[in-house]
């Protein structure tokens, strides 16, 4: 089991630590609801240092990225980030990721912790372009400072004007007394804020100063459990649940990051054909009408009791106080307001298809 650089800090703060993607990670501190509401209403800090970081550089860096990802990275300019995914050559998804452009010949790819090795081998196997690849995952830490008060709470730590960093843009600047820190206006909560990339040797100083600077704003450390409820309220996909090697980006509603007009990329032909013919199933969002909490792998049925799909993510929404979920259903049952039945403990509980996000007070 690998330990992140702040392992001892989290234990001292009372975190419940659990194994996650090969790392010992803080799942919660005070409790999921308290931590969730802290991010929605003020500011919280997550340690997500288990995420993977690959530096791709050289004259053909972009060509490699274009080959293995579905979005069009050629539209990026310096200081911009892009959400994308990597098709697996069989109509599924290797992983979803964020691509950061530093220059025409230098990019950072941020991938999911559970897929670091798989992603590295996949990208390497397609590197006929001889782009330079460096796996920085073991050397870097990542803090997500999220919430509507994040800008105000963190401004004293940097000379960079945080309010001027737009969503999915980033700056390399001083932060908490450390030079050359990546300050990225990204995150997976829908409540605004930043992600801070720094070296493992720098993260203790940064973490301490973040907690000190945020003290007057009610900052709290937040665990992975609240990160999951926050992302689900926004309808953001989680790899391994809502997207996987057996789901296509078009089925998952990720057509907006699947740029079929760009030059050859993995699965372009398959995805073009799938778009032309239409998908047979679709990832939908649903809210429970009756009391019940949907969970991963619960069966979804239509009102006549026919099995039509499966829940991929589900929880009791801390913000809305109702059960919410994502799941794949047949295309005929995917329209907004369609009534569904979720099988929970051998009972069929009513739900209805809704438009995302579940939580409407998003800052993003």
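The values are calculated or read from the model by the stated rules, or taken from the named source; none is laboratory data. Note that the coordinates shown come from a computational prediction; the quantities given were computed from them, not determined experimentally. Reconstructed Cβ throughout: ideal geometry from the backbone, glycine too, with neighbour counts over all protein chains shown.
See the values below:
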quantity: Hits in region 40-52 (condition: surrounded by fewer than 22 Cβ atoms within 10 Å (Cβ to Cβ) and part of a strand (DSSP E or B)); calculated: none
quantity: Test: residue in region 284-291 that is surrounded by 14 or more Cβ atoms within 10 Å (Cβ to Cβ), within 18 Å of residue 92 (Cα to Cα), touching a residue at least 12 places away in the same chain (Cβ under 8 Å) and in contact with a strand residue (DSSP E or B) (Cβ under 8 Å, 6 or more places away or on another chain); calculated: yes
quantity: Residue list for region 306-354, restricted to those being touching a strand residue (DSSP E or B) at 6+ places or on another chain (Cβ under 7 Å), farther than 15 Å from residue 231 by Cα and assigned to a loop (DSSP other than H, G, I, E, B); calculated: 322, 334, 335, 336, 337, 338
quantity: Test: residue in region 63-78 that is under 30 Å from residue 209 (Cβ atoms), outside any strand (DSSP E or B) and under 17 Å from the mean Cα position of the chain (by Cα); calculated: no
quantity: Qualifying position, being free of Cβ contacts under 8 Å to residues at least 40 places away in the same chain, more than 21 Å from residue 240 (Cα to Cα) and not assigned by TED's automatic domain parsing to the domain that holds residue 253, among 275, 360; calculated: 360
quantity: In region 196-220, residue farthest from the chain's Cα centre (by Cα) [restricted to those that are crowded, with 20+ Cβ neighbours inside 10 Å and free of Cβ contacts under 8 Å to residues at least 60 places away in the same chain]; calculated: 198
quantity: Which numbered condition residue 130 fails, given (1) farther than 30 Å from residue 360 by Cβ; (2) out of contact with any strand residue (DSSP E or B) (no Cβ under 6 Å at 6 or more places or on another chain); (3) touching a residue at least 60 places away in the same chain (Cβ under 8 Å); (4) surrounded by 17 or more Cβ atoms within 10 Å (Cβ to Cβ); calculated: (4)
quantity: Count of region 251-290 residues which are under 23 Å from the mean Cα position of the chain (by Cα), assigned to a loop (DSSP other than H, G, I, E, B) and within 20 Å of residue 329 (Cβ to Cβ); calculated: 4
quantity: Criterion (assigned to a loop (DSSP other than H, G, I, E, B), under 18 Å from the mean Cα position of the chain (by Cα) and modelled with pLDDT under 95) met by exactly one of 362, 248; calculated: 362
quantity: Failed condition for residue 27, given (1) surrounded by fewer than 21 Cβ atoms within 10 Å (Cβ to Cβ); (2) touching a helix residue (DSSP H, G or I) at 6+ places or on another chain (Cβ under 7 Å); (3) closer than 10 Å to residue 222 by Cβ; calculated: (3)
quantity: Residue 185 being touching a residue at least 12 places away in the same chain (Cβ under 8 Å), out of contact with any helix residue (DSSP H, G or I) (no Cβ under 9 Å at 6 or more places or on another chain) and buried (at least 20 other Cβ atoms within 10 Å of the Cβ); calculated: no
quantity: Filter result for the condition that a residue is in contact with a strand residue (DSSP E or B) (Cβ under 7 Å, 6 or more places away or on another chain) and at pLDDT 95 or above, over 60, 7; calculated: 7
quantity: Single match in 82, 155 (criterion: touching a helix residue (DSSP H, G or I) at 6+ places or on another chain (Cβ under 8 Å), within 22 Å of residue 173 (Cα to Cα) and without any contact (Cβ under 8 Å) to a residue 24 or more places away in the chain); calculated: 155
